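Working notes for the structure below.
The values are calculated or read from the model by the stated rules, or taken from the named source; none is laboratory data. Just so it is clear, the structure is predicted and the values come from calculations on it, not from any experiment. When we count neighbours, we look across all protein chains shown, and the Cβ atoms used for this are built from the backbone with ideal geometry, even at glycine. The accessibility values were calculated without ligands, DNA or RNA, using every heavy atom of the protein model including side chains. Shrake-Rupley method; radii C 1.70, N 1.55, O 1.52, S 1.80 Å.
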Amino acid sequence: MISKNRKVAIVGTGLVGSSTAFSLITQGVCDEVVMIDINKEKALGEVMDLKHCIEYLNRNTKIKVGSYEECKDVDIIVITAGAPPRPGQTRLDTLDLSAKIAKSIVDSIMQSGFKGHFIVVSNPVDIIAHYVYKLSGLPKSHVIGTGTSVDSARLKNFIGDLFNVDPRSVQAYSMGEHGDSQMVPWSHVYVGGKPFSKVIKDNKDRAGDIDLDKLAMETAQAGWEVYNRKGTTYYAIAAATVGIIKAILNDENKIIPVSTLLDGEYGEYGVFSGVPVVLNSEGAKEVVEIEMTEEELKKFKKSNDTIREYISKLNNK
Ligand code: NAD
(Lines give C-alpha, C1' and ligand atoms only; values in the text may rest on other atoms or scores of the structure.)
Protein backbone atom coordinates (compact mmCIF):
# COMPACT_ATOMS: atom_id res chain seq x y z
CA MET A 1 0.00 0.00 0.00
CA ILE A 2 1.24 3.46 -0.89
CA SER A 3 0.54 6.13 1.73
CA LYS A 4 -1.41 9.33 1.05
CA ASN A 5 1.64 11.44 1.76
CA ARG A 6 4.02 9.80 -0.75
CA LYS A 7 7.42 9.71 0.86
CA VAL A 8 10.71 8.64 -0.75
CA ALA A 9 13.95 8.40 1.22
CA ILE A 10 17.33 8.43 -0.47
CA VAL A 11 20.23 6.90 1.42
CA GLY A 12 23.50 8.17 0.01
CA THR A 13 23.27 11.75 -1.18
CA GLY A 14 26.25 11.65 -3.54
CA LEU A 15 26.03 12.10 -7.28
CA VAL A 16 23.47 9.35 -7.92
CA GLY A 17 21.38 10.12 -4.83
CA SER A 18 21.23 13.86 -5.38
CA SER A 19 20.50 13.44 -9.12
CA THR A 20 17.66 11.10 -8.19
CA ALA A 21 16.29 13.67 -5.74
CA PHE A 22 16.57 16.41 -8.37
CA SER A 23 14.71 14.28 -10.90
CA LEU A 24 12.02 13.46 -8.31
CA ILE A 25 11.31 17.08 -7.46
CA THR A 26 11.50 18.40 -11.03
CA GLN A 27 8.94 15.78 -12.09
CA GLY A 28 6.86 16.27 -8.94
CA VAL A 29 6.71 12.53 -8.33
CA CYS A 30 6.12 12.48 -4.56
CA ASP A 31 5.13 14.71 -1.64
CA GLU A 32 8.28 14.38 0.43
CA VAL A 33 11.93 13.49 -0.16
CA VAL A 34 14.07 12.51 2.82
CA MET A 35 17.82 12.67 2.30
CA ILE A 36 20.04 10.47 4.50
CA ASP A 37 23.84 10.25 4.42
CA ILE A 38 26.60 9.29 6.82
CA ASN A 39 27.97 12.71 5.95
CA LYS A 40 25.18 14.85 7.42
CA GLU A 41 26.66 18.12 6.17
CA LYS A 42 26.67 16.77 2.61
CA ALA A 43 23.03 15.72 2.97
CA LEU A 44 22.16 19.15 4.34
CA GLY A 45 23.98 20.91 1.51
CA GLU A 46 22.03 18.87 -1.04
CA VAL A 47 18.74 19.55 0.74
CA MET A 48 19.42 23.29 0.79
CA ASP A 49 20.33 23.36 -2.90
CA LEU A 50 17.26 21.29 -3.84
CA LYS A 51 14.92 23.46 -1.77
CA HIS A 52 16.18 26.51 -3.62
CA CYS A 53 14.76 24.99 -6.85
CA ILE A 54 11.17 24.95 -5.62
CA GLU A 55 10.28 28.49 -6.72
CA TYR A 56 10.78 27.43 -10.34
CA LEU A 57 9.14 23.99 -10.21
CA ASN A 58 5.55 22.83 -10.63
CA ARG A 59 5.06 21.78 -7.05
CA ASN A 60 6.39 22.33 -3.57
CA THR A 61 7.87 18.95 -2.69
CA LYS A 62 9.00 18.83 0.94
CA ILE A 63 12.72 18.04 1.15
CA LYS A 64 14.60 17.41 4.36
CA VAL A 65 17.54 15.67 5.98
CA GLY A 66 16.32 12.58 7.78
CA SER A 67 17.39 9.64 9.87
CA TYR A 68 16.78 5.89 9.83
CA GLU A 69 14.46 6.13 12.85
CA GLU A 70 11.89 8.00 10.76
CA CYS A 71 11.79 5.45 7.91
CA LYS A 72 8.77 3.63 9.35
CA ASP A 73 6.25 5.46 7.18
CA VAL A 74 8.40 5.89 4.07
CA ASP A 75 6.99 4.29 0.90
CA ILE A 76 10.24 3.77 -0.97
CA ILE A 77 13.86 3.83 0.14
CA VAL A 78 16.50 4.20 -2.56
CA ILE A 79 19.93 2.92 -1.55
CA THR A 80 22.72 4.67 -3.40
CA ALA A 81 25.27 4.67 -0.59
CA GLY A 82 28.54 3.18 -1.69
CA ALA A 83 31.66 4.09 -3.49
CA PRO A 84 31.81 4.20 -7.27
CA PRO A 85 34.60 2.01 -8.69
CA ARG A 86 38.04 3.56 -8.66
CA PRO A 87 39.99 3.59 -11.96
CA GLY A 88 40.89 -0.02 -12.83
CA GLN A 89 38.16 -1.53 -10.63
CA THR A 90 35.07 -3.32 -11.94
CA ARG A 91 31.65 -2.99 -10.30
CA LEU A 92 32.20 -6.41 -8.73
CA ASP A 93 35.40 -5.15 -7.06
CA THR A 94 33.30 -2.76 -4.97
CA LEU A 95 31.27 -5.62 -3.43
CA ASP A 96 32.91 -5.80 0.02
CA LEU A 97 32.56 -2.11 0.78
CA SER A 98 29.04 -1.86 -0.64
CA ALA A 99 27.92 -4.92 1.33
CA LYS A 100 29.34 -3.53 4.58
CA ILE A 101 27.55 -0.23 3.97
CA ALA A 102 24.29 -1.98 2.97
CA LYS A 103 24.32 -4.04 6.18
CA SER A 104 24.67 -1.02 8.43
CA ILE A 105 21.91 0.82 6.56
CA VAL A 106 19.36 -1.98 6.25
CA ASP A 107 19.71 -3.13 9.87
CA SER A 108 19.00 0.41 11.08
CA ILE A 109 16.11 0.92 8.67
CA MET A 110 14.40 -2.35 9.61
CA GLN A 111 14.60 -1.38 13.30
CA SER A 112 12.32 1.56 12.46
CA GLY A 113 9.54 -0.82 11.39
CA PHE A 114 9.90 -0.03 7.67
CA LYS A 115 7.51 -2.08 5.49
CA GLY A 116 7.86 -0.30 2.15
CA HIS A 117 9.94 -0.91 -0.95
CA PHE A 118 13.70 -0.87 -1.35
CA ILE A 119 15.20 0.19 -4.65
CA VAL A 120 18.87 -0.75 -4.66
CA VAL A 121 21.24 1.19 -6.91
CA SER A 122 24.60 0.60 -5.20
CA ASN A 123 26.91 -1.66 -7.17
CA PRO A 124 27.36 -4.51 -7.80
CA VAL A 125 23.62 -3.98 -7.87
CA ASP A 126 22.32 -7.53 -8.40
CA ILE A 127 24.36 -8.89 -5.50
CA ILE A 128 23.63 -5.98 -3.17
CA ALA A 129 19.89 -6.23 -3.98
CA HIS A 130 20.01 -9.92 -3.05
CA TYR A 131 21.82 -9.04 0.18
CA VAL A 132 19.27 -6.32 1.04
CA TYR A 133 16.48 -8.83 0.41
CA LYS A 134 18.10 -11.31 2.83
CA LEU A 135 18.91 -8.69 5.47
CA SER A 136 15.51 -7.02 5.40
CA GLY A 137 13.29 -10.10 5.50
CA LEU A 138 10.83 -8.21 3.27
CA PRO A 139 8.87 -10.07 0.58
CA LYS A 140 10.81 -10.41 -2.68
CA SER A 141 8.43 -8.05 -4.47
CA HIS A 142 9.56 -5.27 -2.10
CA VAL A 143 13.25 -5.38 -3.01
CA ILE A 144 14.18 -4.23 -6.50
CA GLY A 145 17.62 -3.65 -7.97
CA THR A 146 17.89 -1.15 -10.80
CA GLY A 147 19.58 -3.99 -12.69
CA THR A 148 19.68 -3.60 -16.45
CA SER A 149 17.14 -0.75 -16.59
CA VAL A 150 19.87 1.69 -17.48
CA ASP A 151 21.67 -0.71 -19.87
CA SER A 152 18.40 -1.32 -21.72
CA ALA A 153 17.93 2.45 -22.09
CA ARG A 154 21.44 2.65 -23.54
CA LEU A 155 20.71 -0.18 -25.97
CA LYS A 156 17.53 1.56 -27.13
CA ASN A 157 19.54 4.74 -27.65
CA PHE A 158 22.06 2.96 -29.86
CA ILE A 159 19.34 1.36 -31.97
CA GLY A 160 17.33 4.60 -32.11
CA ASP A 161 20.40 6.51 -33.34
CA LEU A 162 21.19 3.84 -35.93
CA PHE A 163 17.73 3.91 -37.51
CA ASN A 164 16.91 7.54 -36.70
CA VAL A 165 13.92 6.76 -34.49
CA ASP A 166 12.96 7.84 -30.98
CA PRO A 167 14.59 5.32 -28.58
CA ARG A 168 11.19 5.01 -26.88
CA SER A 169 9.86 3.44 -30.10
CA VAL A 170 12.40 0.65 -29.74
CA GLN A 171 11.57 -2.36 -27.59
CA ALA A 172 14.74 -4.03 -26.38
CA TYR A 173 16.17 -5.47 -23.20
CA SER A 174 19.59 -6.06 -21.88
CA MET A 175 19.27 -8.88 -19.36
CA GLY A 176 21.23 -10.66 -16.65
CA GLU A 177 23.97 -8.98 -14.65
CA HIS A 178 24.30 -5.19 -14.60
CA GLY A 179 27.90 -5.76 -15.57
CA ASP A 180 30.13 -7.26 -18.22
CA SER A 181 28.22 -10.56 -18.54
CA GLN A 182 24.82 -9.02 -19.43
CA MET A 183 23.29 -10.16 -22.72
CA VAL A 184 20.75 -8.99 -25.30
CA PRO A 185 18.01 -11.36 -26.49
CA TRP A 186 18.03 -10.08 -30.08
CA SER A 187 15.08 -12.28 -31.03
CA HIS A 188 12.95 -9.93 -28.86
CA VAL A 189 14.10 -6.58 -30.19
CA TYR A 190 11.49 -4.62 -32.13
CA VAL A 191 11.43 -1.19 -33.75
CA GLY A 192 7.87 0.07 -33.91
CA GLY A 193 6.64 -3.49 -33.55
CA LYS A 194 8.81 -4.76 -36.42
CA PRO A 195 11.26 -7.57 -35.59
CA PHE A 196 14.83 -6.32 -35.53
CA SER A 197 16.09 -8.92 -38.04
CA LYS A 198 13.52 -7.60 -40.55
CA VAL A 199 14.41 -3.98 -39.75
CA ILE A 200 18.05 -4.75 -40.53
CA LYS A 201 17.14 -6.59 -43.75
CA ASP A 202 14.91 -3.77 -44.98
CA ASN A 203 17.29 -0.97 -44.04
CA LYS A 204 20.69 -2.16 -45.29
CA ASP A 205 21.72 1.43 -46.00
CA ARG A 206 21.39 2.36 -42.32
CA ALA A 207 22.29 -0.94 -40.69
CA GLY A 208 25.42 -1.52 -42.78
CA ASP A 209 27.28 -4.61 -41.65
CA ILE A 210 25.75 -4.51 -38.20
CA ASP A 211 27.55 -6.74 -35.72
CA LEU A 212 25.08 -7.71 -32.97
CA ASP A 213 27.76 -9.12 -30.64
CA LYS A 214 29.63 -5.83 -30.90
CA LEU A 215 26.45 -3.84 -30.23
CA ALA A 216 25.70 -5.95 -27.16
CA MET A 217 29.25 -5.42 -25.94
CA GLU A 218 29.02 -1.68 -26.55
CA THR A 219 25.81 -1.64 -24.52
CA ALA A 220 27.51 -3.37 -21.60
CA GLN A 221 30.47 -1.02 -21.91
CA ALA A 222 28.46 2.19 -22.39
CA GLY A 223 28.64 3.08 -18.70
CA TRP A 224 32.42 2.81 -18.85
CA GLU A 225 32.53 5.06 -21.91
CA VAL A 226 30.77 7.69 -19.78
CA TYR A 227 32.99 6.89 -16.77
CA ASN A 228 36.17 7.29 -18.84
CA ARG A 229 35.10 10.77 -19.87
CA LYS A 230 33.47 12.23 -16.73
CA GLY A 231 34.69 9.94 -13.95
CA THR A 232 31.30 8.43 -13.09
CA THR A 233 27.67 8.19 -14.25
CA TYR A 234 24.54 9.55 -12.61
CA TYR A 235 21.88 11.18 -14.82
CA ALA A 236 20.80 8.01 -16.63
CA ILE A 237 20.67 5.88 -13.50
CA ALA A 238 18.76 8.63 -11.69
CA ALA A 239 16.21 8.74 -14.55
CA ALA A 240 15.85 4.94 -14.49
CA THR A 241 15.41 4.95 -10.70
CA VAL A 242 12.72 7.61 -10.88
CA GLY A 243 11.01 5.60 -13.65
CA ILE A 244 10.85 2.65 -11.24
CA ILE A 245 9.61 4.89 -8.39
CA LYS A 246 6.82 6.31 -10.58
CA ALA A 247 5.73 2.82 -11.64
CA ILE A 248 5.35 1.86 -7.96
CA LEU A 249 3.81 5.07 -6.59
CA ASN A 250 1.36 5.43 -9.51
CA ASP A 251 0.49 1.71 -9.62
CA GLU A 252 1.40 1.78 -13.31
CA ASN A 253 1.84 -1.92 -14.13
CA LYS A 254 4.70 -0.69 -16.31
CA ILE A 255 7.20 -3.27 -17.56
CA ILE A 256 10.77 -2.23 -16.83
CA PRO A 257 13.85 -4.48 -16.84
CA VAL A 258 14.97 -4.54 -13.21
CA SER A 259 16.81 -6.94 -10.95
CA THR A 260 14.42 -9.19 -9.10
CA LEU A 261 14.66 -12.54 -7.33
CA LEU A 262 14.05 -15.34 -9.84
CA ASP A 263 12.03 -18.15 -8.38
CA GLY A 264 11.66 -20.63 -11.22
CA GLU A 265 11.27 -18.09 -14.04
CA TYR A 266 13.63 -18.92 -16.91
CA GLY A 267 14.43 -22.08 -14.94
CA GLU A 268 16.46 -19.99 -12.46
CA TYR A 269 16.25 -19.97 -8.68
CA GLY A 270 17.69 -17.84 -5.89
CA VAL A 271 19.36 -15.20 -8.00
CA PHE A 272 18.62 -11.50 -8.48
CA SER A 273 18.94 -10.81 -12.18
CA GLY A 274 17.85 -8.20 -14.73
CA VAL A 275 14.62 -9.29 -16.41
CA PRO A 276 11.49 -7.49 -17.60
CA VAL A 277 9.16 -7.07 -14.64
CA VAL A 278 5.64 -5.69 -14.22
CA LEU A 279 5.95 -2.93 -11.61
CA ASN A 280 3.04 -1.54 -9.62
CA SER A 281 2.12 -0.58 -6.05
CA GLU A 282 2.97 -4.14 -4.98
CA GLY A 283 6.52 -3.57 -6.26
CA ALA A 284 7.98 -6.26 -8.54
CA LYS A 285 4.64 -7.89 -9.24
CA GLU A 286 5.47 -10.35 -11.99
CA VAL A 287 8.41 -11.44 -14.11
CA VAL A 288 7.77 -11.41 -17.85
CA GLU A 289 9.21 -14.58 -19.33
CA ILE A 290 10.16 -13.95 -22.92
CA GLU A 291 10.90 -16.97 -25.06
CA MET A 292 14.59 -16.78 -25.82
CA THR A 293 16.45 -18.85 -28.37
CA GLU A 294 18.59 -21.67 -27.00
CA GLU A 295 21.75 -19.64 -27.50
CA GLU A 296 20.27 -16.56 -25.80
CA LEU A 297 19.10 -18.60 -22.82
CA LYS A 298 22.59 -20.06 -22.49
CA LYS A 299 24.11 -16.57 -22.34
CA PHE A 300 21.49 -15.45 -19.82
CA LYS A 301 22.19 -18.43 -17.58
CA LYS A 302 25.93 -17.82 -17.83
CA SER A 303 25.39 -14.26 -16.67
CA ASN A 304 23.29 -15.52 -13.75
CA ASP A 305 26.12 -17.90 -12.83
CA THR A 306 28.42 -14.88 -12.51
CA ILE A 307 25.94 -13.19 -10.16
CA ARG A 308 25.54 -16.43 -8.19
CA GLU A 309 29.30 -16.79 -7.80
CA TYR A 310 29.50 -13.39 -6.10
CA ILE A 311 26.40 -14.01 -3.99
CA SER A 312 28.05 -17.14 -2.61
CA LYS A 313 31.32 -15.26 -2.03
CA LEU A 314 29.35 -12.82 0.10
CA ASN A 315 27.50 -15.60 1.91
CA ASN A 316 30.80 -17.26 2.79
CA LYS A 317 32.26 -14.18 4.46
P1 NAD B 1 29.21 9.12 -4.40
O2 NAD B 1 30.55 8.82 -3.83
O3 NAD B 1 29.00 10.40 -5.15
O4 NAD B 1 28.11 9.06 -3.24
C5 NAD B 1 28.02 8.04 -2.32
C6 NAD B 1 27.40 8.62 -1.06
O7 NAD B 1 27.18 7.55 -0.15
C8 NAD B 1 28.29 9.65 -0.35
O9 NAD B 1 27.58 10.86 -0.14
C10 NAD B 1 28.65 8.96 0.97
O11 NAD B 1 28.81 9.86 2.04
C12 NAD B 1 27.44 8.05 1.15
N13 NAD B 1 27.70 6.95 2.09
C14 NAD B 1 28.80 6.16 2.15
N15 NAD B 1 28.65 5.28 3.19
C16 NAD B 1 27.44 5.51 3.75
C17 NAD B 1 26.73 4.93 4.83
N18 NAD B 1 27.25 3.92 5.55
N19 NAD B 1 25.52 5.42 5.12
C20 NAD B 1 24.99 6.44 4.42
N21 NAD B 1 25.61 7.04 3.38
C22 NAD B 1 26.83 6.58 3.05
O23 NAD B 1 28.84 7.86 -5.33
P24 NAD B 1 27.77 7.81 -6.50
O25 NAD B 1 28.42 8.18 -7.78
O26 NAD B 1 26.56 8.51 -6.06
O27 NAD B 1 27.53 6.23 -6.58
C28 NAD B 1 26.87 5.57 -5.52
C29 NAD B 1 26.68 4.10 -5.81
O30 NAD B 1 25.85 3.94 -6.95
C31 NAD B 1 27.96 3.31 -6.13
O32 NAD B 1 27.87 2.03 -5.58
C33 NAD B 1 27.94 3.25 -7.65
O34 NAD B 1 28.71 2.16 -8.15
C35 NAD B 1 26.47 3.04 -7.86
N36 NAD B 1 26.00 3.30 -9.22
C37 NAD B 1 25.13 2.40 -9.72
C38 NAD B 1 24.66 2.54 -11.00
C39 NAD B 1 23.72 1.48 -11.54
O40 NAD B 1 23.41 1.45 -12.74
N41 NAD B 1 23.23 0.58 -10.71
C42 NAD B 1 25.06 3.63 -11.79
C43 NAD B 1 25.91 4.58 -11.22
C44 NAD B 1 26.39 4.40 -9.93
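Loop exposure criterion: GluC sites (Glu not before Pro), DSSP state outside H, G, I, E and B, at most 13 other Cβ atoms within 10 Å. Applied to the chain, the longest stretch between such sites is 1-288. Annotated for the stretch 158-290: lysine pairs at least 8 residues apart or interchain, Cα distance under 22 Å, count 9.
Within the listed set ASP209, ASP126, ASP161, the residue fluctuating most in the Gaussian network model of the chain (springs between alpha-carbon atoms under 10 angstrom) is ASP209. From largest to smallest, the equivalent ellipsoid semi-axes obtained for the stretch 13-130 from the alpha-carbon gyration tensor read 25, 17, 12 Å. The average projected area of the chain, computed from the convex hull of its Cα atoms over all directions, is 16.1 nm². At a probe radius of 1.4 angstrom, the accessible area of the stretch 149-315 per residue rounds to 48 square angstrom.
Relative contact order for the stretch 7-145: what is it in percent, counting Cα pairs under 8 Å that are at least 6 residues apart?
Computed value for the stretch 7-145: 24 percent relative contact order.
Shape class of the stretch 218-284 from the Cα gyration tensor (axes a ≥ b ≥ c, square roots of the eigenvalues): oblate, since a/c reaches 1.5 or more and a/b does not exceed b/c. Within the listed set TYR266, TYR133, TYR56, the residue fluctuating most in the Gaussian network model of the chain (springs between alpha-carbon atoms under 10 angstrom) is TYR56. Would you kindly find the accessible area of HIS188, with a 1.4 Å probe and non-protein molecules such as ligands, DNA and RNA excluded, rounding to the nearest 10 Å²? Surface accessible to solvent at HIS188 totals approximately 40 Å². Just want to confirm a number: the relative contact order over the chain, from Cα pairs under 8 angstrom separated by 6+ residues, in percent. Contact order relative to length: 17 percent. Among the protein heavy atoms, those of LEU97 account for about 90 Å² of accessible surface (1.4 Å probe, every chain in place). Which residues does a label at ASN5 reach in the stretch 33-50, if reach means a backbone N under 16 Å from a point 7 Å past the Cα toward the Cβ? 33-35, by backbone N distance to the label point. Counting only protein heavy atoms and using a 1.4 Å probe, the accessible area of THR13 comes to about 0 Å². Charged neighbours of ILE290, selected by a Cβ distance under 12 Å, balance to -4 (K, R count +1; D, E count -1). Whole-Hz Karplus values for the stretch 304-316 come out as 5, 5, 5, 4, 4, 4, 6, 4, 6, 4, 5, 5, 7 Hz, taken residue by residue from phi with 6.51 cos²θ - 1.76 cosθ + 1.60 and θ = phi - 60°; glycine and proline positions read x.
Given springs between every Cα pair under 10 Å in a Gaussian network model of the chain, which of THR219, THR293, THR233 has the largest fluctuation? Residue with maximal mean-square fluctuation among THR219, THR293, THR233: THR293. Shape analysis of the stretch 149-315 places it in the rounded category; the axes a ≥ b ≥ c from the Cα gyration tensor give an a/c below 1.5.
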